[in-house]
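Contents: one structure, followed by commentary.
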Amino acid sequence: MGALRPGDWLIAGICILGVGVLVAIELHAPAGRSLLEGGVLAVLLSVGRTLPLVGLGVALGLSGNRNIAAAVLLFVPAAILSFLERERILFALLAGPETSYRLYLIDPLACLLAGLALVTPDQFRSWTLPPLAASIGAIAIFSIKLIDPGAGAPAFLEGAVAAALWLILLLALVARRLAGHWFDISARILGSWLIAIGLLLGGAGLAQRAVTYAPVSQPAPSLPGIPEKPVTRHQFPGVNPGAE
Amino acid sequence: MSLRTVSAGLVLLCLLLWPISAFAHITEGPVGGFGSGFEHPLSGPDHFLAMFAVGIWGAQMGGRSVWTLPVTFPLVMAMGGLAAMLGLRLPGTELGIAVSIVALGSAILFAWHPMEIIALLLISVFAICHGYAHGVELPRAADPADYAVGFVLATGTIHLLGIGVGLALGKPYQGRLARALGGVIVLGGAYYLVLAL
């Protein structure tokens, strides 16, 4: 174990600051949390939104300064564009009948892209990282806006973006500090995990499509809103009928 | 006949004897989130032994194989999971898992060092079976995202454990300890194979 470098104190400071804020928010009663706090938690406590940012942070940390600059230069405008055009993107995604399952594929896609950024060999990473970073940024902002309860108030988005930037910065600094033979191998293994998780989450999203739009075998009720017989658990897939 | 030929023959024999029937470490009924996903590879000794063996075998082969095997396994495992979630039928999955334990244990026991591509192809076939077993459960999970993360992390952790054990046991007594462990894994696999048949 080598001696501590000045940069290590910076990493420790950023880590402690963020974790402290997270603990403070968690200690608040859920009912009393502000939109800003909700935004922070929506990013840091959601696996689907956190993992792509983790992958992106590590990939940035393993890249050269020129790559990082290019990635950030594309990440920021892509995120802003995604924010401004979110409604158009949403309409495009939901165009046509039975398309809501596509919303389940957004976070898995970001996971896949982050995994690709990590498993790409070093010599190709300078080409792949900037466009992948831009895509992840656009997807991240879109995903956050999808769950934003703020209805025009920017606090939720501000909290979420601050949390996302904190996570990316922290992991990029840690990865840069630890970069070396063994850490590069670990990063590739992490990348393969992210791709696997992305594929599985995407598959689960597609499976949801089959469940959501399965034909209903029950006859329609004679009066609107009044079922002819009581609803049973058998109508819901995945619920153990033997429990009744 | 050299040890390598014997081990290669055993692995091929295991693949050829792969019967078409089912036996299960597939949990029935609803499953939860991260905890259920993380628990699934750990709670089933069949999954555990196979993934542990992948790590040991990679460490025993040395070089790039130390990481290419554990990187490839979850990627292909995800394909198996996808196949299950999309409703594709893959008969004999659970028996394939039992065969994978015997084959991987044999590879360690006889210190088989095939070409990397052959090792990767072999573990890919087995990863499909393990992924399929996990994938059957995933859409029923209370939180599919957390479930997927849980079981991928558990799988990776078992691989890392296997790599650590393989590296630690690779040097003493010319690697005989690692090979003995391979023998124990073969016995475990044989038990599951008998149960499955």
**Message:** Are there any trypsin sites (Lys or Arg not before Pro) in the range A:2-89 that are in a DSSP loop and have at most 13 other Cβ atoms within 10 Å? List them by number.
**Reply:** none
**Request:** Apply the Karplus parameterisation 6.51 cos²θ - 1.76 cosθ + 1.60, with θ equal to phi minus 60°, to every residue of the range A:155-165 and state each ³J(HN,Hα) to the nearest whole Hz, in sequence, with x for glycine and proline.
**Result:** 4, 4, 5, 4, x, 5, 5, 4, 5, 5, 5
**Request:** Would you please give the residues with an amide H less than 5 Å from that of A:T120, counting only those at least 5 places away or on a separate chain, with H modeled from the backbone geometry?
**Result:** none
**Prompt:** Across the range A:38-44, in residue order, what do the Karplus-derived ³J(HN,Hα) couplings come to in whole Hz, using 6.51 cos²θ - 1.76 cosθ + 1.60 with θ = phi - 60° and x for Gly and Pro?
**Reply:** x, x, 4, 5, 5, 8, 7
**Request:** Assuming a ≥ b ≥ c are the square roots of the Cα gyration tensor eigenvalues, decide whether the range A:13-138 counts as rounded (a/c under 1.5), prolate (otherwise, with a/b larger than b/c) or oblate.
**Result:** oblate
**Message:** So if I place +1 on the C-beta of Lys and Arg and -1 on the C-beta of Asp and Glu, and nothing else carries charge, what would the dipole magnitude of the range B:111-187 be about its Cα centre? I want it in debye, nearest 20.
**Reply:** 420
**Item:** Given charges at beta-carbon only (K, R positive; D, E negative), |dipole| of the range A:61-213 in Debye
**Value:** 260
**Prompt:** Which distance in Å, rounded to a whole number, links the C-alpha centroids of the range B:101-117 and the range A:1-62?
**Reply:** 42
**Fill in**
Whole-Hz Karplus couplings 3J(HN,Hα) for the range B:115-120, θ = phi - 60° and coefficients 6.51, -1.76, 1.60, Gly and Pro as x, run 4, 4, 4, 5, 4, 5
**Prompt:** Dipole of the range A:64-148 (Lys/Arg Cβ +1, Asp/Glu Cβ -1, origin at the Cα centre): which of A:F83, A:V119, A:A138 lies farthest to the positive side?
**Reply:** A:V119
**Request:** Determine, for B:M115, B:M61, the number of other Cβ atoms within 10 Å of each Cβ, and report the residues in order from fewest to most.
**Result:** B:M115, B:M61
**Complete:** Taking the alpha-carbon centre of each part, the distance from the range A:100-159 to the range B:148-174 in Å is 31
**Request:** Go through the range A:1-108 and name the chymotrypsin sites (Phe, Trp or Tyr not before Pro) that are in a DSSP coil and have 16 or fewer other Cβ atoms within 10 Å of their Cβ.
**Result:** none
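Taken together, the values in this text are just the output of simple stated rules run on the coordinates, not laboratory data. The shown structure was predicted, so the numbers you read here are calculated from the model rather than taken from an experiment. Ideal geometry is used to build each Cβ from the backbone, glycine not excepted, and the neighbour counts take in all protein chains shown.
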